[in-house]
Amino acid sequence: MTTASLQLVRPAGARYEGLLLATAAAVIVATLVLYVRELGRHESHEPLYDWQVSAFDTLTGPDQAIYNALFTAKDDIPYIYDDINIDTPDNAVFRWPSLKDLQDSELAPFLHDRSWEQNGSVKWTLYEPLAKGEMQGSTMYLGTDGTHPQQGSFLLVVGHTHAGVQNKNVISIWWNAKNHVVMPQSGFRDGLILQGWREVVPHSGAQEVKRIFGDDSASSTSTEEDQKQADQAIQGLTGN
Amino acid sequence: MLSPIRSLLKMPVLAMLAALTLVSHAADAARLKVGITLHPYYSFVANIVGDRADIIPLIDADANPHGYAPQSADMIRMMSMDVLVVNGIGHDSWAFEILDAAGMRKKLKLIYANDGVSLIPVAGAPNGEKVVNPHTFISTTAAIQQIYTIARKLGELDTANATFYRDNARRYALQIRKLRAEFDAKITGADLSKFRCATMHSGYDYILQELGLQVTAVIEPRHGVEPTARQLAETIDRIKAAKVNVLFAEKYFASKLSDTIRQATGVRMYSISHISSGKYTPEKFVDEMRENLNTFAQAINDSSKGA
């Protein structure tokens, strides 16, 4: 009777097999982690510069409400400008809507209604463009002294083109964390930033559509085109 | 049989009739066929285009746009549209399923009504999470912003009527702003400091913000999603702690949950229209927003009196 003996025969590549398997698993896991972290990342908002503030993420309560009202008012102001200057002769000076004009159009946040009271009864002042200097070519509506604690101030700037002034034809909205501020010394972006103002950036429906559908969203017009049209509209209004 | 002379006399008449028919067909072909997904967009477009374009609702008037399941008839309707006005930020996601099913995703022009709206987060979201609120159409100011966007984009597609659309949009915007003036008149002298509200879902955040009213708590963690027992208990505690005295619930979708909260906290409940059911009409948005504002005014006045 023979005795069976057990002999363990190791495959030639046994030394590396486990190592290779572990390496392959590690590579797969690392790839998945990288994919989820980088490719799978879905930024919810456009990145902001230091001198900007998000209406969606940062502003709250009355300040967010005032901003959203201003955001629609910026579309109405050029229309009202058209209305009030319709009979102005071409060689005369066109004027920008006064606060009374805006209130007569029932336009928030300028209208003194209960919503205005609830949002801090912010005091608005209109600064018409000056003929010379840094304030040339900028109409501004300044809102300050809200009654809520920690309420900031607002500035709606209608930039437009006049001879020799490099100003962009857009309406921008700025926010200052201070409750009381005086009239800015400059209507230009850099000057406003130096004086503590931050441009408010909305999270717009266009950005949300882009977030949901990506760049593939088949809109009839894009936000950039809208901006271009707004620029042209203001150029048309102020090109005199 | 007509005499040759009479036949000749009739020819110009026939030619004129033929020409008129051709002109009429050309005019029909030129008329925009504007599709819409939600009831407010029907009212918006109707007030912008007047009688110069046709409006085609994508889904039946009695269909519930919350969790709508697309039907084959929707695809047929979509085929006849030149352009479709959509919410696009979460309230009509089924429209994109219909677009895909009909193979129209790349073919049909879309107007994203919210393109120019400054969106706000859902109030009272769990853990302070910032989630986009898609209920931009239950509003006045955000509605006006959408009306301007729709008018501008329809004007790009139908340049001959662009000025007409813009002027109509402005007139309609003023009509909506007047609703706010009516609302203000109804709450003259009311003490707003006593008004503390919760809402069943986040549908009224835009209009409440525009009225200068803050939402203390939202019951449903997501629209149409009922809270867990623990979430509900926490919300009830929050309502009691914040001395909330008003609860706004959806008019046509009453739930037992709102009754439970009312019983547990003693809040008064008021119903607000979501403007998302019933017949499509040009007047619907203004009529239902006026009704909503009357309800808000009633709630404020009741709180003010401590009723």
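The values are calculated or read from the model by the stated rules, or taken from the named source; none is laboratory data. Predicted model only: the values in this text are computed from it and were never measured. Positions of Cβ are generated from backbone atoms using ideal geometry, with glycine treated the same way; all protein chains shown enter the neighbour counts. In case anyone asks, the SASA skips ligands and DNA or RNA and just uses the protein heavy atoms, side chains included. Shrake-Rupley method; radii C 1.70, N 1.55, O 1.52, S 1.80 Å.
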Notebook entry, point to check: Once the piece of chain linking B:Gln298 and B:Lys130 is laid out straight, how much longer is it, given 0.36 nm per residue of separation minus the C-alpha distance between them?
Noted result: 57.4 nm
Margin query: Rolling a 1.4 angstrom probe over the protein chains, ignoring ligands and nucleic acids, what is the accessible area of B:Ser193 in square angstrom, nearest 10?
Written below: 80
Notebook entry, point to check: Going from most exposed to least, what order do A:Ile212, B:Ile150, B:Ile76 have by accessible area with a 1.4 Å probe?
Noted result: B:Ile76, A:Ile212, B:Ile150
Item checked: Heavy-atom accessible area per residue - chain B, 1.4 Å, Å² -> 44
Item checked: Residues losing 50 Å² or more accessible surface upon assembly, segment B:169-195, compared with the chain by itself, 1.4 Å -> B:Arg170, B:Arg177, B:Asp184, B:Leu192
Item checked: Long-range amide H partners of A:Val201 with built H, under 5 Å -> A:Val53, A:Ser54, A:Ala55
Note to self: As a test of the formula, what do you get for chain B when each DSSP H run with n ≥ 4 contributes -39,500 (n - 2.57) and the sum is divided by the residue count, at 222 nm and rounded to the nearest 500 deg cm²/dmol?
What the structure shows: -15500 deg cm²/dmol
Next item on the list: Taking 7 Å along the Cα-to-C-beta vector as the label spot, tell me the B:Arg31-A:Gln195 distance in nanometres, rounded to one decimal.
Entry: 5.4
Next item on the list: Could you state how much accessible area B:Ser93 has, in square angstrom rounded to the nearest 10, with a 1.4 Å probe and all protein chains kept in place?
Entry: 70
Margin query: Counting protein heavy atoms only and a 1.4 angstrom probe, how many square angstrom of accessible surface do chains A and B bury in total, to the nearest 100?
Written below: 3900
Note to self: Are there any GluC sites (Glu not before Pro) in segment B:231-307 that are in a DSSP loop and have at most 16 other Cβ atoms within 10 Å? List them by number.
What the structure shows: B:Glu283
Margin query: Averaged across B:293-302, how many Cβ atoms of other chains sit within 10 Å of each residue's Cβ atom?
Written below: 0
Item checked: Accessible-area order (highest first, 1.4 angstrom probe) of the listed residues A:Thr31, B:Thr188 -> B:Thr188, A:Thr31
Checklist line | Estimated inter-spin distance, A:Ser54 and B:Thr260, nm [label 7 Å along Cα→Cβ] | finding: 3.4
Margin query: A 30 angstrom limit on the alpha carbon distance is what I want to check against. Which of B:Lys130/B:Lys243; A:Lys210/B:Lys33; A:Lys74/B:Lys284; A:Lys123/B:Lys251; B:Lys107/B:Lys130; B:Lys186/B:Lys251 exceed it?
Written below: A:Lys123/B:Lys251; B:Lys107/B:Lys130
Note to self: Keeping all protein chains in the complex and leaving out DNA, RNA and ligands, what accessible area do you get for B:Leu232 with a 1.4 Å probe, in Å² to the nearest 10?
What the structure shows: 30
Next item on the list: Could you list the residues of segment B:174-204 with an amide nitrogen less than 19 Å from a label point located 7 Å from the Cα of B:Asn64 in the Cα-to-C-beta direction?
Entry: B:200-204
Checklist line | Principal axis box of chain B, alpha-carbon based, largest edge first, Å | finding: 95, 45, 34
Notebook entry, point to check: Do you know which residues of segment B:109-143 lose at least 50 square angstrom of accessible area in the protein assembly compared with their chain on its own, with a 1.4 angstrom probe?
Noted result: B:Tyr112, B:Asp115, B:Ser118, B:Leu119, B:Lys130, B:Val132, B:Thr141
Check: Which of the helices in chain B meet the span-like rule: DSSP H, Cα axial reach of 24 Å or more, Kyte-Doolittle mean at least 1.0?
Finding: B:4-30
Next item on the list: Name the residues of segment B:75-91, by number, that are at least 20 Å² less accessible with every protein chain in place than in the isolated chain; the surface is that of heavy atoms, probe 1.4 Å, without ligands or nucleic acids.
Entry: B:Gly88, B:Ile89
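Which order do you get for B:Thr235, A:Thr147 if you rank them by accessible area with a 1.4 Å probe, largest at the top?
Ranked list, largest accessible area first: A:Thr147, B:Thr235.
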